[in-house]
Amino acid sequence: MQRSIPCLLSLTLLAGCGITQDNGLPSKAAKPVFASVETEPVASVNDAADDPAIWVHPTDPSRSLIIGTDKKNGLDVHDLAGKRVQSLPDGRMNNVDLRYGFSLSGGEVAIVAATNRTDQTLALYAVDANGRLSNVADGKIPTGMADPYGLCMYRSAAGEYFVFANDGDSGHFKQWQLEARGERVGARLVREFGVGSQAEGCAADDGTGVLYVAEEDVGLWRYSAAPNGGSDRTSVDTVADGNLTADAEGVAIFYGAGESGYLLVSSQGSNEYNVYHRDGDNKFIGKFGIVQSPEGIDGTSDTDGIDVTSASLGSAFPQGVFVAQDGKNTSPSAAQNFKLVPWERIAEALQLAPL
């Protein structure tokens, strides 16, 4: 695997360094940034870590957590220093997402959803005030899929909670509405549609009601996230003649005020991350890559899942954090993990205006 050129310099000088792609050529268009934290590696070897979700602590943001999938074992939960604080060996979890404020048992909880490829189900967890995850699924929730793969969640303006998941190579999506059933949570199928070919990464914008889907060899699409949204779609960017390099993978949304903010997509084949405007037609802004840091944290490559938050997470991440799966964790050589990049480094590199 081609690694990023070791640029152990300041962010300003890093602008003169390139991001090494798989063909060995630097992408001068990608602005280099480096991570400040990396998580402990997953327990499973080879292709195992996949998708992260950021949980923001309700009263002390510095105690926020990164929930990541080990797709050979389950879910791992890490603190903002990268230390594993909980492991849930509940099956081959592929993708994960969460939403806040779900009414359950007389209170409100954050709900975490994941695709479990071991038994082809949706896994559902509640996060308590201390950040501990517990299973709240109302029994086994079958997906009816041969290989449940990508997943994302959506909270509508009416306060309804939904889960989207897709089926392996087929590109077939399903949408379920989550329902409180006593102390448990169930899911009711409300929609199905086809993308056309293999897809995994997706993200739903709770503010605009838009669902973004990355069709791996084709590009990024925009759908309605509403349960009656049908299959109409609009192209945001393409692999063939656009700004993406196959596979188009993880998708995440950086929320600003109103409809401002940014849409981020993992361009896996070029080891880069594309940034688009969140509003309007999602105009392309630029791209960045994660290179080796002065402290020796290696850059990322072959990234699957990503997540981002605009919430201040204390002194370590005052303007938010971007989290990316690293497909080949090389310094030192170990199983795959996740890298954490302070948002201000990305904003500076791409000269993004404050929101």
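Compute the relative contact order of the chain as a whole-number percentage, counting only Cα pairs closer than 8 Å that sit 6 or more residues apart in sequence. About 17 percent, as a whole number. Our estimate of slack between Ser105 and Asp138, defined as 0.36 nm per intervening residue step minus the Cα-Cα distance, is 10.5 nm. Normalised by the number of residues in region 316-355, the mean separation of alpha-carbon contacts (under 8 Å, six or more apart) gives a relative contact order of 41 percent. Length gained on full extension, Gln86 to Asp241: 51.5 nm, using 0.36 nm per residue less the C-alpha separation.
For region 98-191, the list of GluC sites (Glu not before Pro) that fall in a loop by DSSP and count at most 14 other C-beta atoms within 10 angstrom reads Glu160, Glu183.
Given R0 = 22 Å, the distance between the Cβ atoms of Glu183 and Asn130 translates into a calculated FRET efficiency of 0.75. Per residue, the chain reaches -1000 deg cm²/dmol at 222 nm when only DSSP H runs of four or more residues are counted, each adding -39500 (n - 2.57). Spin-label model, Leu352 to Glu40: label points 7 Å out along the Cα-to-beta-carbon direction sit 3.0 nm apart. Bins of 10 Å, beginning at zero and ending with the bin holding the largest distance: percent of Cα pairs per bin for the chain, please. Going from the shortest bin to the longest, the percentages are 6, 28, 38, 24, 5, 0. The calculated FRET efficiency for Glu160 paired with Ala29, based on their beta-carbon distance and R0 = 56 Å, is about 0.90.
Under a Gaussian network description of the chain, with springs only between Cα atoms under 10 Å, the residue in Asn166, Asn116, Asn243 that fluctuates furthest is Asn243.
Taking 0.36 nm per residue of separation and subtracting the Cα-Cα distance, full extension of the segment from Ala146 to Asp281 would add 45.2 nm.
Placing a label point 7 Å from the Cα of Ala334 along the Cα-to-Cβ direction, the residues of region 79-117 whose backbone N falls under 12 Å of that point are 82-84. Sequentially through region 330-342, phi angles give Karplus couplings (6.51, -1.76, 1.60; θ = phi - 60°) of 10, 9, x, 5, 7, 4, 4, 8, 10, 10, 10, 10, x Hz, Gly and Pro residues having no value and appearing as x. Largest GNM mean-square fluctuation among Pro41, Pro61, Pro332, using the chain with Cα springs under 10 Å: Pro332.
Every number in this text was worked out from the coordinates using simple rules, so none of it is lab data. Bear in mind that the values here come from a model prediction, so they are computed numbers and not experimental data. Here the Cβ is made from the backbone with ideal geometry for all residues, glycine too, and neighbour counts use every protein chain on show.
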